[in-house]
Amino acid sequence: MEDDAPVIYGLEFQARALTPQTAETDAIRFLVGTQSLKYDNQIHIIDFDDENNIINKNVLLHQVGEIWHISTSPADRGVLATCYNKPSDSKVLTCAAVWRMPKELEPGSHESPDDSSSTAHTLELLCHLDNTAHGSMACVTWEPTGDGKRVISLADNHILLWDLQESSSQAVLASSASLEGKGQLKFTSGRWSPHHTGTQVATANDTTIRGWDTRSMSQIYCIENAHGQLVRDLDFNPNKQYYLASCGDDCKVKFWDTRNVTEPVKTLEEHSHWVWNVRYNHSHDQLVLTGSSDSRVILTNMVSISSEPFGHLVDDDDLSDQEERRPEEKSQEPPQDSVIATYEEHEDSVYAVDWSSADPWLFASLSYDGRLVINRVPRALKYHILL
Amino acid sequence: MAAAAAGPGPGSGTGDSPEGPEAEAPERRRKAHGMLKIYYGLSEGESAGRPAGSDPLDPTDLNGAHFDPEVYLDKLRRECPLAQLMDSETDMVRQIRALDSDMQTLVYENYNKFISATDTIRKMKNDFRKMEDEMDRLATNMAVITDFSARISATLQDRHERITKLAGVHALLRKLQFLFELPSCLTKCYQHLPSFRAIQDDCQVITARLAQQLRQRFREGGSGAPEQAECVELLLALGEPAEELCDEFLANARGRLEAELRSLEAELGPSPPAPDVLEFTDHGGSGFVGGLCQVASAYQELFAAQGAAGAEKLTAFAQELGGRYFALVERRLAQEQGSGDNSLLVRALDRFHRRLRAPGALLAAAGLAEAATEIVERVARERLGHHLQGLRAAFLGCLTDVRQALAAPRLAGKEGPGLAELLANVASSILSHIKASLAAVHLFTAKEVSFSNKPYFRGEFCSQGVREGLIVGFIRSMCQTAQSFCDSPGEKGGATPPALLLLLSRLCLDYETATISYILTLTDEQFLVQDQSPVTPVSTLCAEARETARRLLTHYVKVQGLVISQMLRKSVETRDWLSTLEPRNVRAVMKRVVEDTTAIDVQVGLLYEEGVRKAQSSDSSKRTFSVYSSSRQQGRYAPSYTPSAPMDTNLLSNIQKLFSERIDVFSPVEFNKVSVLTGIIKISLKTLLECVRLRTFGRFGLQQVQVDCHFLQLYLWRFVADEELVHLLLDEVVASAALRCPDPVPMEPSVVEVICERG
């Protein structure tokens, strides 16, 4: 299948930050932030034309510094947040800011996508998330179902909840909490749960995963020693409210039921080096994507702990017209968890993977050498899940 | 005419001539003839019509008896025109030919018949000759028979006379019979007479008293089985009801046997005076089983007349008491489970089993022998389980010893027992335990033991019990125990000492290469496994052991790699790389890394072979290493340090990657030192790389990294299979550090070398 071949896009700089444009549900669009200490950093807006297998890019200048983390507003397509290092001689501080991209780059208005790649646009700063008192920002995460007015940022050992006011031009610290304990505690990653009406956030620091209630900013649960070494990333199952995936430096991916934190539900050990990223597919949560510094991206079918353990039971709307010609041959044996595919297009450590927000069968991965690879779920599996 | 000539076909030769129907014949005969003719293909009309129109005396009739050729020819010549003459000539010729061939056929057939007749006659001649012989023999036999018959009648002559005499005596005796029957007749006739009745009554009273006394003695029962048997015999002779006696006899016997059982139970007791198990079974065997034998044999002798019902009673009796006896024996045997001595137990079981063979033969229906065999089998199985437990415990004990030896504080300047020595200790200790267990269970199959020829002990015990259950089971459980160290949650490296992992891995590998097949051969030899049931092949076990060894070694690599990784990571994460000073020394942590790696190298070297190292390229010999590395630096590092060309850096590193193979960091290792060390160093350096990429470096920070990496390069290359790997990873570390540096000014390679050599 030639059109299942990966599409590769190369950036000039090193890059770690990748995100889909969350609010965009029609076009397949990813944002990549670069890391360069010597040049102006950029945010590449990668549009993927699924039918023609063509990539269109737009470049935004991000002059304030190298980008460590990037995330997009779930409500406003033009708004995004970055965590960046300010270049400085004496010390390194990672700051966070909310930006708006230029109007003409917002979807639906790119009248001349071809020549726009030649000119670089500049981001419009909406507001800083002021962290002078709290330390370096590790990540910014948006309230998934909200109106794009609430974000949480993790700064060293603090978890900060911000209200964005006056069309996001001002960020007010709504509440905060911090980790106390001996040693240098530092959050590495955090995700906002799409369930529980947006009242839960999970964070990772060292080998521990913690759940927080955003109303009281108090800890709900705590998975001590979730991984043998540092926990690098986590993600919530979009369809099962208590399920959580995590990955870390012990090369493992673990799946947790937050109601019982003593044992992981499942453990995968497919990578041969640290796993930096884990992502559930937004629609079909049996599809789990992981990226690792062994330069591989692995797509796993975790059907046994998915919300559809016995295949697709309820018809989607877009499938109803095919319903009558679907044969009832679905075998009754329970499906097995398995690795669907290992993608080896990268030659350097893969620090970011994510699914497209528009096409549930498409994902992107980004390696440190600036190579962005767009892949699709194998067609056979796609039909197997749909039919 | 032509029709007439053609008429008699081959059919006329068969003798069924068409002249037949000419005669005056009854209607029926004609009909039969007609059918025959249809059969032979002649039409009725043809045969009937022809003679009607012809005169038998006509000389021109070709078929007639008075045929004259001259007349015929004349007639033809005269009467017929030329054409008809020609016709009749061809016709004639054809007929002659047909007749000719017919005649030939006939002659041939007749000749055949003659031949077959000759054959038949010859055969008959033969047969007759044979018959003649037989007849001769018959004649001689008859003569012999006549002779015998004459002799017999002569002999019988005498007997015949005696028989006649006896017949006479018989007649006389029959007459005398009446006299014999007379008394009963008289009794019948004169019973009512008082005197006779009184005599009878007296007699009855005496018999009743006698019976009563006998019963009394019988019930008192104290006098032992043989006397009782005598009583019963007398009572039976007195005509007492046998069924009742059966019951009483058994009830008495039960009393005695129960007493035996009670005394046995007392020996069990809550706090037994503890006679050993041999004594116990001896006691049981002589007391209870002996008693049961006596009872059974006496019973069978006395009540043989009772038939099936009696035998059933005895069977039920024996079964019940036997069951209780077995329960007691099992309780006693259960007390033996903990003990280690098999020989006493086997002897006790042997006695027990042997004693039960006697009643077993007497009471086949009660199934005592089978039950006894079952008990022995169960005990044997339990012993196997016990030995398996013992072996497991021994293995765990060994592991504890090793742990203690490893954890024991080293005396200054004095090494504890080396790993190789510990390994040898563990291996020999396990092997001796296995051998001891084999020897212990081997007692069960010794020739002189009475149950060793039972099918269970010949087959299943050897194959499923000893080989599979004990030996294979133990090896499997050993592998499992060893593997469990890999899954232990102490991933931070705490729980299991790495040396133990290494030792276990070598142990499993040794098992794979030699020990397993040795142990199994030993077992097969000792137990001569005849059973056909499938057994685990050696190869499967070896594969399991190898897999275990591999997992342990891989885990060892991970744990050790993690230890070094943690050091490196801390050293990168906790340092402020932006405001660091110009490097003067190699950082202490790097020296520590090299020291630890060397220590690991020594440790692994104790147990694993060196392994294959990739052939060194000519310019990387030890002597020229520093030169080589500096030249490498100039060739390869230089572009990445020139601040003007980040693109080039990428391009270069990408091209470099194109030509180098992908490095699998946590890849499975092979069973040799070099592979293990390569694994550990890969993990450590990859960690260093990832950590470096997360930091930002000042100029001196970068230079420090440069110094550190050069130092590592100087010392680590000798441990790995392919030194290119170390170069590659360290190159990448320095390149990444350069990328993470806003002001990348590299240190002069010569200065780097000086610092490294000094430190």
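The values are calculated or read from the model by the stated rules, or taken from the named source; none is laboratory data. Quantities reported herein were computed from a predicted structural model and do not represent experimental measurements. For neighbour counting, all protein chains shown are included, and Cβ atoms are generated from backbone atoms with ideal geometry for every residue, glycine included. Side chains are part of the model used for accessible areas, which takes the heavy atoms of the whole protein and leaves out ligands, DNA and RNA. Shrake-Rupley method; radii C 1.70, N 1.55, O 1.52, S 1.80 Å.
Out of curiosity, is B:Leu85 open to solvent by 70 Å² or more (accessible area, probe 1.4 Å) and part of a helix (DSSP H, G or I)? Full working, then the answer.
Values: open to solvent by 70 Å² or more (accessible area, probe 1.4 Å): no; part of a helix (DSSP H, G or I): yes.
No; evaluated as a whole, the condition is false for this residue.
Which of the residues spanning segment A:217-266 are part of a loop (DSSP other than H, G, I, E, B), among the polar types (S, T, N, Q) and open to solvent by 40 Å² or more (accessible area, probe 1.4 Å)? Spell out the reasoning first.
First, pick out the residues of segment A:217-266 that are part of a loop (DSSP other than H, G, I, E, B): A:217, A:224-230, A:237-242, A:249-252, A:258-259, A:261-265.
Filter once more, keeping what is among the polar types (S, T, N, Q): A:225, A:229, A:237, A:239, A:241, A:258, A:262.
Matches in segment A:217-266: A:Asn225, A:Asn239, A:Gln241, A:Thr262.
Considering only residues that are among the hydrophobic types (A, V, I, L, M, F, W, C), within 21 Å of A:Trp274 (Cα to Cα) and outside any loop (DSSP other than H, G, I, E, B), which ones fall in segment B:692-701?
Step one: list which residues in segment B:692-701 are among the hydrophobic types (A, V, I, L, M, F, W, C), which gives B:692, B:694, B:697, B:700.
Next, from what is left, pick out any that are within 21 Å of A:Trp274 (Cα to Cα): B:692, B:694.
Answer for segment B:692-701, where residues must be among the hydrophobic types (A, V, I, L, M, F, W, C), within 21 Å of A:Trp274 (Cα to Cα) and outside any loop (DSSP other than H, G, I, E, B): just B:Val692.
From the residues in segment B:733-759 that are of a type in the set (D, E, K, R) and within 14 Å of another protein chain (Cβ to nearest Cβ), which one is most open to solvent (accessible area, probe 1.4 Å)? Full working, then the answer.
Of all residues in segment B:733-759, those of a type in the set (D, E, K, R) come to B:740, B:743, B:748, B:753, B:757-758.
Applying the additional criterion that residues be within 14 Å of another protein chain (Cβ to nearest Cβ) yields B:740, B:743.
Working: B:Arg740: 4, B:Asp743: 67 Å².
Only one residue tops the list, namely B:Asp743.
Among the candidates B:Arg97, B:Arg50, B:Arg77, B:Arg30, single out the residue that is at pLDDT 85 or above, open to solvent by 70 Å² or more (accessible area, probe 1.4 Å), out of contact with any Lys or Arg (no Cβ under 8 Å at 6 or more places or on another chain) and not in a loop (DSSP other than H, G, I, E, B).
Working: B:Arg50 fails: at pLDDT 85 or above; B:Arg77 fails: at pLDDT 85 or above; B:Arg30 fails: at pLDDT 85 or above.
On inspection, the qualifying residue turns out to be B:Arg97.
Tell me, yes or no, whether segment A:266-288 has at least one residue that is basic (Lys, Arg) and within 14 Å of chain B (Cβ to nearest Cβ). Even if it seems obvious, please write down each step before you answer.
Of the residues in segment A:266-288, the ones basic (Lys, Arg) are A:266, A:279.
Checking which are within 14 Å of chain B (Cβ to nearest Cβ) leaves us with none.
No: segment A:266-288 contains no residue that is basic (Lys, Arg) and within 14 Å of chain B (Cβ to nearest Cβ).
Which condition number does A:Thr214 fail, the rest of (1) over 17 Å from the mean Cα position of the chain (by Cα); (2) surrounded by 19 or more Cβ atoms within 10 Å (Cβ to Cβ); (3) within 14 Å of another protein chain (Cβ to nearest Cβ) being met?
(3)
Which count do you get for residues in segment A:1-59 that are among the hydroxyl-bearing types (Ser, Thr, Tyr) and part of a loop (DSSP other than H, G, I, E, B)?
Filtering segment A:1-59 for residues among the hydroxyl-bearing types (Ser, Thr, Tyr) gives A:9, A:19, A:22, A:25, A:34, A:36, A:39.
Going one step further and asking which of them are part of a loop (DSSP other than H, G, I, E, B), we end up with A:22, A:25, A:36, A:39.
Matching residues across segment A:1-59 total 4.
Somewhere in segment B:682-691, is a residue aliphatic (A, V, I, L, M), in a loop (DSSP other than H, G, I, E, B) and within 14 Å of chain A (Cβ to nearest Cβ)? Give the steps one after another, and end with the answer.
Step one: filter segment B:682-691 for residues aliphatic (A, V, I, L, M), giving B:683, B:685, B:688-689.
With in a loop (DSSP other than H, G, I, E, B) added as a condition, the list becomes none.
No, the conditions are met nowhere in segment B:682-691.
Only residues that are over 13 Å from A:Ser307 (Cβ atoms), among the charged types (D, E, K, R) and under 17 Å from the mean Cα position of the chain (by Cα): list them for segment A:255-290, please.
Selection gives A:Arg279 alone.
Among B:Leu714, B:Leu730, B:Leu725, which is more than 14 Å from chain A (Cβ to nearest Cβ) and either outside any helix (DSSP H, G or I) or open to solvent by less than 20 Å² (accessible area, probe 1.4 Å) (or both)? Quick ask: steps written out before the conclusion?
On the way: B:Leu714 fails: either outside any helix (DSSP H, G or I) or open to solvent by less than 20 Å² (accessible area, probe 1.4 Å) (or both); B:Leu725 fails: either outside any helix (DSSP H, G or I) or open to solvent by less than 20 Å² (accessible area, probe 1.4 Å) (or both).
So the residue among B:Leu714, B:Leu730, B:Leu725 that is more than 14 Å from chain A (Cβ to nearest Cβ) and either outside any helix (DSSP H, G or I) or open to solvent by less than 20 Å² (accessible area, probe 1.4 Å) (or both) is B:Leu730.
Please determine whether any residue of segment A:308-328 is within 14 Å of chain B (Cβ to nearest Cβ), modelled with pLDDT under 90 and open to solvent by 20 Å² or more (accessible area, probe 1.4 Å). Even if it seems obvious, please write down each step before you answer.
Our first condition is that a residue be within 14 Å of chain B (Cβ to nearest Cβ); within segment A:308-328, this holds for none.
No - not one qualifying residue is present in segment A:308-328.
Taking the condition of being under 23 Å from B:Val669 (Cβ atoms) and open to solvent by less than 30 Å² (accessible area, probe 1.4 Å), how many residues in segment B:516-553 meet it?
8
Taking segment A:344-372 as the region of interest, how many residues are within 14 Å of another protein chain (Cβ to nearest Cβ), touching a Pro at 6+ places or on another chain (Cβ under 9 Å) and modelled with pLDDT of 90 or more?
0
Being within 14 Å of chain B (Cβ to nearest Cβ) and not aliphatic (A, V, I, L, M) is the filter here; which residues of segment A:41-78 pass it? It would help to see each step written out before you state the result.
Taking segment A:41-78 first, the residues within 14 Å of chain B (Cβ to nearest Cβ) are A:41-42, A:65-69.
Of everything in segment A:41-78, those that are within 14 Å of chain B (Cβ to nearest Cβ) and not aliphatic (A, V, I, L, M) turn out to be A:Asn41, A:Gln42, A:Gly65, A:Glu66, A:Trp68, A:His69.
Is there a residue being open to solvent by less than 30 Å² (accessible area, probe 1.4 Å) and either among the acidic types (Asp, Glu) or assigned to a loop (DSSP other than H, G, I, E, B) (or both) anywhere in segment A:181-191?
Checking segment A:181-191: not a single residue is open to solvent by less than 30 Å² (accessible area, probe 1.4 Å) and either among the acidic types (Asp, Glu) or assigned to a loop (DSSP other than H, G, I, E, B) (or both).
Looking at B:Ala198, is it farther than 30 Å from B:Leu234 by Cβ, without any contact (Cβ under 8 Å) to a residue 24 or more places away in the chain, assigned to a helix (DSSP H, G or I) and open to solvent by less than 70 Å² (accessible area, probe 1.4 Å)? Can you show your working first?
Numbers: farther than 30 Å from B:Leu234 by Cβ: no; without any contact (Cβ under 8 Å) to a residue 24 or more places away in the chain: yes; assigned to a helix (DSSP H, G or I): yes; open to solvent by less than 70 Å² (accessible area, probe 1.4 Å): yes.
Answer is no for this residue.
Under the condition of being charged (D, E, K, R) and open to solvent by 60 Å² or more (accessible area, probe 1.4 Å), which residue from segment B:559-577 is farthest from B:Ile680 (Cα to Cα)? Talk me through it step by step, then tell me what you get.
From segment B:559-577, those charged (D, E, K, R) are B:569-570, B:573, B:575-576; that's our starting set.
If we keep only those that are open to solvent by 60 Å² or more (accessible area, probe 1.4 Å) too, we end up with B:570, B:573, B:575-576.
Numbers: B:Lys570: 17, B:Glu573: 20, B:Arg575: 24, B:Asp576: 27 Å.
Here the answer is B:Asp576.
For segment A:179-211: of the residues being more than 19 Å from the chain's Cα centre (by Cα) and in contact (Cβ under 8 Å) with a residue 40 or more places away in the chain, which is farthest from A:Glu224 (Cα to Cα)?
The qualifying residue farthest from A:Glu224 (Cα to Cα) is A:Thr197.
Looking at (1) surrounded by 23 or more Cβ atoms within 10 Å (Cβ to Cβ); (2) away from chain A (no Cβ under 14 Å); (3) not aliphatic (A, V, I, L, M), which is the one condition that is false for B:Asp510?
Status for B:Asp510: all satisfied but (1).
May I ask you to say which residue of A:Lys86, A:Lys91, A:Lys38 is under 17 Å from A:Ser153 (Cβ atoms), within 12 Å of chain B (Cβ to nearest Cβ) and without any contact (Cβ under 8 Å) to a residue 40 or more places away in the chain? Give the steps one after another, and end with the answer.
Working: A:Lys91 fails: under 17 Å from A:Ser153 (Cβ atoms); A:Lys38 fails: under 17 Å from A:Ser153 (Cβ atoms).
Going through A:Lys86, A:Lys91, A:Lys38 in turn, just one is under 17 Å from A:Ser153 (Cβ atoms), within 12 Å of chain B (Cβ to nearest Cβ) and without any contact (Cβ under 8 Å) to a residue 40 or more places away in the chain: A:Lys86.
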